[in-house]
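*Asks:* Can you read through this structure? Questions will come right after.
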């Protein structure tokens with residue numbers, strides 16, 4: 001018998017180390033919130049450019065990260081398939097480090113453009129490789145909760161800029177942020193194992209066995225069954241192509257589900273809201289200072305991320321996704337109503353000054369309850385290994401293309417529809433996703449990769465782990 005505690009100790013160390021890269025990725029999303037006020041300032045002690053940025057430069061700084069994120073998944077997928085998941089993840093840390101150090105000493109708007117693009121490059125690639133790596137090193141029964149640790153570290157990355165950004169210069173802000181990807185690179189280089197799935201796929205069976213022994217804290221006999229299961233699973237698969245996804249009923253269904261969820265994730269407005277959070281509070285004109293409000297919401301982002309890892313393998317992916325969507329509908333509708341009252345009626349909003357911060361805290365909790373991370377968990381579960389390298393970049397690119405459009409044109413949406421119209425639009429998208437999830441999102445809780453494929457293709461001959469335990 002092996003010690004479950006020993007198994008968790010090493011595997012969790014690796015998972016948490018990999019999660020540092022997730023933190024670096026989502027730092028890029030909320031990085032703009034404390035930096036924009038400084039770059040718009042005439043105070044040269046705060047603004048390294050020596051002049052306020054224009055609205056167009058503001059839009060490009062906000063959206064260039066999403067352009068980089070759209071481009072990152074393709075080379076990352078190639079590196080992961082050609083050289084391994086470990087090399088792929090290590091290669092993602094370098095653009096993050098270069099990005100943050102370059103922006104720390106930037107005195108030109110073009111250096112900020114470059115830094116934002118490089119940060120986006122690694123962020124987009126990370127959303128492809130991080131769920132893949134964690135899914136492939138995890139046991140079936142623990143895959144859900146381990147994958148959901150990404151949610152905590154993504155949220156922590158969102159929180160850091162709100163917590164320290166308003167109180168540090170742009171230079172020291174970026175230097176402090178650079179510590180995170182640097183720490184990941186050193187620790188993962190020394191300790192991180194390659195995934196057993198990749199090693200078996202390239203016929204390095206002895207190394208795959210050693211990787212499993214390390215991850216499970218077992219001897220050769222202890223990992224024999226799981227190794228055989230991986231070999232059997234991969235033995236059924238031929239080299240995959242995009243047309244295989246389109247022609248196969250189950251894979252086509254998986255792709256549509258994942259695309260709808262990740263696009264809806266962005267159309268819920270999260271990136272636009274986090275990019276412009278401090279600006280939103282300034283527009284609301286509440287009695288609470290905008291930087292304090294942003295800090296409170298940022299802390300809510302971090303706090304709310306802790307619930308899903310404990311619930312995903314209890315309530316399941318589907319329940320959390322549906323609940324998440326309808327919670328966001330309520331929050332965004334309320335926020336839209338506040339701005340409508342403020343901008344288009346004579347009703348005084350001073351007595352309800354707390355509504356924006358309350359609505360955004362509710363929105364953040366609902367977002368992190370499901371739609372934030374479950375689409376990425378599903379993208380790592382619904383596809384067999386031979387097409388993951390194709391499906392994951394496709395899904396990630398769709399996500400970041402949607403994010404680019406939302407963030408680039410968020411100010412235009414506000415001008416054309418009013419802030420109330422923008423938030424009501426986001427609420428409508430969440431309503432659609434909630435209804436879609438009820439009818440089409442599958443429940444993968446406790447199921448092996450083989451069982452998931454059988455389920456997608458309409459087979460009911462294999463019961464889930466939870467169903468087996470019931471008998």
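*Asks:* In segment 394-401, is there at least one residue being within 16 Å of residue 259 (Cα to Cα), at pLDDT below 85 and in a helix (DSSP H, G or I)?
*Replies:* Checked against the condition, which is being within 16 Å of residue 259 (Cα to Cα), at pLDDT below 85 and in a helix (DSSP H, G or I), segment 394-401 yields at least one hit.
*Asks:* Could we say that residue 162 is modelled with pLDDT under 90, assigned to a helix (DSSP H, G or I) and over 21 Å from the mean Cα position of the chain (by Cα) here?
*Replies:* Details: modelled with pLDDT under 90: yes; assigned to a helix (DSSP H, G or I): yes; over 21 Å from the mean Cα position of the chain (by Cα): no.
So residue 162 fails the test.
*Asks:* Sticking with this one: Is it the case that residue 183 is within 18 Å of the chain's Cα centre (by Cα), in a helix (DSSP H, G or I) and either surrounded by fewer than 23 Cβ atoms within 10 Å (Cβ to Cβ) or in contact (Cβ under 8 Å) with a residue 60 or more places away in the chain (or both)?
*Replies:* Numbers: within 18 Å of the chain's Cα centre (by Cα): no; in a helix (DSSP H, G or I): yes; either surrounded by fewer than 23 Cβ atoms within 10 Å (Cβ to Cβ) or in contact (Cβ under 8 Å) with a residue 60 or more places away in the chain (or both): yes.
For residue 183, the condition - within 18 Å of the chain's Cα centre (by Cα), in a helix (DSSP H, G or I) and either surrounded by fewer than 23 Cβ atoms within 10 Å (Cβ to Cβ) or in contact (Cβ under 8 Å) with a residue 60 or more places away in the chain (or both) - is not met.
*Asks:* Next up: For segment 66-85, indicate whether the set of residues that are surrounded by 24 or more Cβ atoms within 10 Å (Cβ to Cβ) and assigned to a loop (DSSP other than H, G, I, E, B) is non-empty.
*Replies:* Scanning segment 66-85 turns up at least one residue that is surrounded by 24 or more Cβ atoms within 10 Å (Cβ to Cβ) and assigned to a loop (DSSP other than H, G, I, E, B).
For (1) within 11 Å of residue 22 (Cα to Cα); (2) surrounded by fewer than 21 Cβ atoms within 10 Å (Cβ to Cβ); (3) without any contact (Cβ under 8 Å) to a residue 40 or more places away in the chain, each residue gets a yes or a no:
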| position | (1), (2), (3) |
| --- | --- |
| 150 | yes, no, no |
| 158 | yes, no, no |
| 162 | no, no, no |
| 177 | no, no, no |
| 189 | no, yes, no |
| 198 | no, no, no |
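*Asks:* Across segment 52-65, what is the total count of residues that are farther than 19 Å from residue 104 by Cβ and in a loop (DSSP other than H, G, I, E, B)?
*Replies:* Final tally of qualifying residues: 2.
*Asks:* Can you report the number of residues in segment 359-390 which are more than 23 Å from residue 315 (Cα to Cα) and part of a loop (DSSP other than H, G, I, E, B)?
*Replies:* If we filter segment 359-390 for residues that are more than 23 Å from residue 315 (Cα to Cα), which is where we start, we get 359-360, 384-390.
Subsequent filtering for residues that are part of a loop (DSSP other than H, G, I, E, B) retains 384.
Qualifying residue count for the region: 1.
*Asks:* For the condition closer than 26 Å to residue 433 by Cα, out of contact with any strand residue (DSSP E or B) (no Cβ under 7 Å at 6 or more places or on another chain) and either in a helix (DSSP H, G or I) or modelled with pLDDT of 85 or more (or both), what is the one hit in 274, 279? Even if it seems obvious, please write down each step before you answer.
*Replies:* On the way: 279 fails: closer than 26 Å to residue 433 by Cα.
Step by step, each of 274, 279 is checked, and only 274 is closer than 26 Å to residue 433 by Cα, out of contact with any strand residue (DSSP E or B) (no Cβ under 7 Å at 6 or more places or on another chain) and either in a helix (DSSP H, G or I) or modelled with pLDDT of 85 or more (or both).
*Asks:* Give the residue that is farthest from the chain's Cα centre (by Cα), with candidates limited to residues of segment 432-442 that are surrounded by 16 or more Cβ atoms within 10 Å (Cβ to Cβ) and in a helix (DSSP H, G or I).
*Replies:* Of everything passing the filter in segment 432-442, 436 is farthest from the chain's Cα centre (by Cα).
*Asks:* Out of everything in segment 227-248 that is at pLDDT 85 or above and within 23 Å of residue 11 (Cβ to Cβ), what residue ends up being surrounded by the fewest Cβ atoms within 10 Å (Cβ to Cβ)?
*Replies:* Checking each candidate, the answer is 228.
*Asks:* Check whether at least one residue in segment 50-65 is within 16 Å of residue 171 (Cα to Cα), out of contact with any strand residue (DSSP E or B) (no Cβ under 6 Å at 6 or more places or on another chain) and in contact (Cβ under 8 Å) with a residue 40 or more places away in the chain, and report yes or no.
*Replies:* Taking segment 50-65 first, the residues within 16 Å of residue 171 (Cα to Cα) are 50.
When the remaining residues are screened for being out of contact with any strand residue (DSSP E or B) (no Cβ under 6 Å at 6 or more places or on another chain), the result is 50.
Subset that is in contact (Cβ under 8 Å) with a residue 40 or more places away in the chain: 50.
Checking segment 50-65: at least one residue is within 16 Å of residue 171 (Cα to Cα), out of contact with any strand residue (DSSP E or B) (no Cβ under 6 Å at 6 or more places or on another chain) and in contact (Cβ under 8 Å) with a residue 40 or more places away in the chain.
*Asks:* Cβ-Cβ distance below 6 Å, separation of 6 or more or different chains: which pairs start in segment 112-137 with a residue that is at positive phi and end on one that is part of a helix (DSSP H, G or I) and surrounded by fewer than 24 Cβ atoms within 10 Å (Cβ to Cβ)?
*Replies:* Every condition considered, no pair remains.
The values are calculated or read from the model by the stated rules, or taken from the named source; none is laboratory data. In this text the structure is predicted, and so the values were computed from the model without any measurement. Heads up, the Cβs are rebuilt from the backbone with ideal geometry, glycines too, and the neighbour counts pull from every protein chain shown.
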